[in-house]
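Presented below is the structure to which this report refers.
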Amino acid sequence: MNSGILEKEKQTLTPESGFNLVGIDPFGSSGNKLYLIEHFERYQDALNAKNQRDNPDEYLILYPGSP
């Protein structure tokens, strides 16, 4: 699944604090496969948002803030 996702792209979407809900576009070009959906301060809020997404075929990742 991570094929074609660049490390720089991951780092760009890793927040300094809180959690980013990130979508994966499997058809996106290299360097443009990830997109920010929403930022949350609390893990539970991010997890709830992830579970409430309407599209079951959507690929999602939660990126935690860097320590």
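Please treat every number below as a calculation from the coordinates, not as lab data. All of these numbers come straight from a predicted model, not from anything done at the bench. Here Cβ is always computed from backbone atoms with ideal geometry, including for glycine, and neighbour counts include all displayed protein chains.
Okay, here's what the table says:
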{"read-out": "Pair list, Cβ < 6 Å and 6+ apart or interchain, from the range 25-49 residues that are in contact (Cβ under 8 Å) with a residue 12 or more places away in the chain and part of a helix (DSSP H, G or I) to residues that are surrounded by 12 or more Cβ atoms within 10 Å (Cβ to Cβ) and not basic (Lys, Arg)", "value": "TYR43/PHE19; ALA46/PHE19; ALA46/LEU21; ALA46/PHE40; ALA46/LEU62; ALA49/LEU21"}
{"read-out": "Lone unmet requirement of (1) surrounded by 17 or more Cβ atoms within 10 Å (Cβ to Cβ); (2) without any contact (Cβ under 8 Å) to a residue 24 or more places away in the chain for THR12", "value": "(1)"}
